[in-house]
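Quick notes on the structure that follows.
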Amino acid sequence: MDNTQPIIVKRISRKAAGHHGGAWKIAFADFAVAMMAFFLVMWLLSTATPEQLKMISGYFNDPIGFSEGGSPFAIDLGGTPTVSPQETLNDAEYDDTPLALNPETVEELAEQVEQKQLDLLLQELQNRIDTEPVLQRFKDQILLEITADGLRIQIVDAENRPMFASGSPQLQPYFEEILLALSETIAKVPKKISIGGHTDAQPFRGRAGYGNWELSAERANAARRTLLVAGYPEEQVARVVGYADSALFDRADPFNPVNRRIDIIVLNKRAEVQLLDAGGSSEQTPDADGEDAEESVLTDDAPTAPRVEEAPAEPAVRSLNLFEDAERLQQLNQR
């Protein structure tokens, strides 16, 4: 009989050590803070004067400071805030005399503010042209620039995209859309504007006694009416001018379509004052190339000719396609 018993081997697996927690970190942090406080106290004791040590001791004995030696301040070095019994804020005297400024300085500052305002207007117009679909399609025909008179906005003809019907002041629908879209932004600046109409050098032969001067003035006036329909304040329109082909945009090619254009100038204060001093009469105004050009000013909705001014000695008569016959010209010369 086999008495051999089986040998059973029991294996006990060790469990991985568990997390001991973060209590030691808190204890170490408390120890570091306590050491820092200890060294701070030691530093204060080594640098403080006997008088300061006495004041610190008095503070801990009586923080309120009623008893002798106490103080409401742990360390009072004589710099505590006190109210002067002789003078209070109500008794202080203020100089109400206005600050005198040089008139030239005031004018220069005003011009700088105005220039910044026009720069911001130009930037806002450019952003609107780049983002608004109505204007983005015609961005190549809208030119913006800062001039000596203010911000000039020029809308020019393209080769196959004229702003007006041929030989007519009738606006094309797309040009009306441009003016309607721009008027809201321009009106944000409370300044007066000047509207000018330009033609190319092609003579107008539509009817007798009517030429590019009348056509350019009527086109400028049509642009003015469109701006008013869009809600632009009528009192901010300073003048409506017809230039004909006297201020060509492209002098190298007088028949270039870009010469046919409408310009809107947001006038700065200096240009506005000069315009008011001139009384709205015909002026000599620099053209696109810096040369002088005569203006034909239109003051109402009806298509009228520019006025002819008389000189003190002899009347100066300008031939601007204004006279229907020789008899009318002779009468003016005899006056």
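Just one of the listed residues (Ile26, Ile8) is at pLDDT 55 or above, at negative phi and in a loop (DSSP other than H, G, I, E, B), and it is Ile8. Within the stretch 195-208, being buried (at least 23 other Cβ atoms within 10 Å of the Cβ) and of a type outside the set (Val, Ile, Thr) holds for Gly196, Gly197, His198. Within the stretch 222-240, being part of a helix (DSSP H, G or I) and in contact with a strand residue (DSSP E or B) (Cβ under 7 Å, 6 or more places away or on another chain) holds for Ala222, Ala223, Arg224, Thr226, Gln236. Considering the stretch 252-275, the residues that are of a type in the set (A, V, I, L, M) and without any contact (Cβ under 8 Å) to a residue 12 or more places away in the chain include one that is nearest to Ser194 (Cα to Cα), namely Val273.
When the test is whether a residue is in contact with a Lys or Arg (Cβ under 6 Å, 6 or more places away or on another chain) and under 17 Å from Ser183 (Cβ atoms), Ile142 does not pass it.
Checked against (1) over 27 Å from Val273 (Cβ atoms); (2) polar (S, T, N, Q); (3) surrounded by 24 or more Cβ atoms within 10 Å (Cβ to Cβ), Ser216 passes all but condition (1). Taking the criterion of being under 25 Å from Arg270 (Cβ atoms) and in contact with a Leu (Cβ under 6 Å, 6 or more places away or on another chain), the only residue of the stretch 129-145 that qualifies is Leu144.
Table: residues versus (1) in contact with a Cys (Cβ under 6 Å, 6 or more places away or on another chain); (2) in a helix (DSSP H, G or I); (3) surrounded by 10 or more Cβ atoms within 10 Å (Cβ to Cβ); (4) modelled with pLDDT of 60 or more.
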position: Met1; (1), (2), (3), (4): no, no, no, no
position: Met35; (1), (2), (3), (4): no, yes, yes, yes
position: Phe38; (1), (2), (3), (4): no, yes, yes, yes
position: Trp43; (1), (2), (3), (4): no, yes, yes, yes
position: Gln52; (1), (2), (3), (4): no, yes, yes, yes
position: Ser67; (1), (2), (3), (4): no, no, no, no
position: Phe73; (1), (2), (3), (4): no, no, yes, no
position: Gly79; (1), (2), (3), (4): no, no, no, no
position: Val83; (1), (2), (3), (4): no, no, no, no
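The number of residues in the stretch 109-130 being within 16 Å of Ser183 (Cα to Cα) and among the polar types (S, T, N, Q) comes to 3.
Quick grid of which residues meet (1) surrounded by fewer than 22 Cβ atoms within 10 Å (Cβ to Cβ); (2) out of contact with any strand residue (DSSP E or B) (no Cβ under 9 Å at 6 or more places or on another chain); (3) closer than 25 Å to Asp119 by Cβ:
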{"residue": "Ala181", "(1), (2), (3)": "yes, yes, yes"}
{"residue": "Ile193", "(1), (2), (3)": "no, no, yes"}
{"residue": "Tyr210", "(1), (2), (3)": "yes, yes, no"}
{"residue": "Arg261", "(1), (2), (3)": "no, no, yes"}
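Restrict the check to the stretch 151-159 and report whether at least one residue is at pLDDT below 90 and more than 20 Å from Arg239 (Cα to Cα). Among the residues of the stretch 151-159, at least one is at pLDDT below 90 and more than 20 Å from Arg239 (Cα to Cα), which makes the answer yes. Summed over the stretch 226-238, the residues that are under 16 Å from Gln170 (Cβ atoms) and surrounded by fewer than 16 Cβ atoms within 10 Å (Cβ to Cβ) give a count of 1.
The values are calculated or read from the model by the stated rules, or taken from the named source; none is laboratory data. The shown structure was predicted, so the numbers you read here are calculated from the model rather than taken from an experiment. As a convention, Cβ positions derive from the backbone with ideal geometry for all residues, glycine included, and neighbour counts pool all protein chains shown.
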